Amino acid sequence: MSEKPRALRLGQQIHRALSELISRELKDPRVGMVTIGDVVVSGDLAHAKIYYTLLGDPMERESTQVGLDKASGFLRGKLGKYLHSRLTPDLSFIYDETEEASQQLDALISRARDQDRRKGEDS
């Protein structure tokens, strides 16, 4: 499924704007060091999924999610002014677990290699 060019462009604009808005204007203490990873805008431009990662303690993930969800209306309003757009998409924040999954896979691969080496040495 390929995205429409307009949705891709809007996603890029939202990415830039939200990165700046979250770091400079969002004062919610629950929202810490958030990095916007990807923005996927629906074909009708009405909804945007914002994938983010969190620098710091994984225990902060839940409070950060609550903070972002509560701030979505504020961010949407600021985003509308930034984009000079009549229609600003609804924002849905989703924690991106790709990095964690990658680290878990790396650990499993390393463990399997170590086991293979030990078996080869025993033979």
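The values are calculated or read from the model by the stated rules, or taken from the named source; none is laboratory data. Note that the structure is a prediction, hence the values are computed from the model and not measured. Ideal geometry is used to build each Cβ from the backbone, glycine not excepted, and the neighbour counts take in all protein chains shown. In case anyone asks, the SASA skips ligands and DNA or RNA and just uses the protein heavy atoms, side chains included. Shrake-Rupley method; radii C 1.70, N 1.55, O 1.52, S 1.80 Å.
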Legend entry - Carbon + sulfur, % of accessible area of the chain - ligands and nucleic acids excluded, 1.4 Å: 50
Legend entry - Antiparallel DSSP beta bridges within the chain, as percent of all bridges there, nearest 5: 55
Inset, instruction - Find, to one decimal place in angstroms, the Kirkwood hydrodynamic radius of the chain, where the mean of 1/r is taken over every pair of different Cα atoms and then inverted. - result: 16.4
Legend entry - Peptides ranked, highest mean first, by Cβ atoms within 10 Å: ranges 37-50, 105-118: 37-50, 105-118
Legend entry - Theoretical ellipticity at 222 nm over the chain - DSSP helices of four or more residues, -39500 (n - 2.57) apiece, nearest 500: -19500 deg cm²/dmol
Inset, instruction - Would you mind working out the accessible area per residue for the chain, using a 1.4 Å probe, and quoting it in Å²? - result: 71
Inset, instruction - Just flag the chymotrypsin sites (Phe, Trp or Tyr not before Pro) in the stretch 1-82 sitting in loop per DSSP whose Cβ has no more than 13 other Cβ atoms within 10 Å. - result: none
Legend entry - Separation in nanometres of the label points that stand 7 Å from Cα toward Cβ, at residue 92 and residue 74: 2.3
Inset, instruction - Could you pull the Cα extents of the stretch 70-113 along its three principal axes, largest to smallest, in whole Å? - result: 55, 20, 12
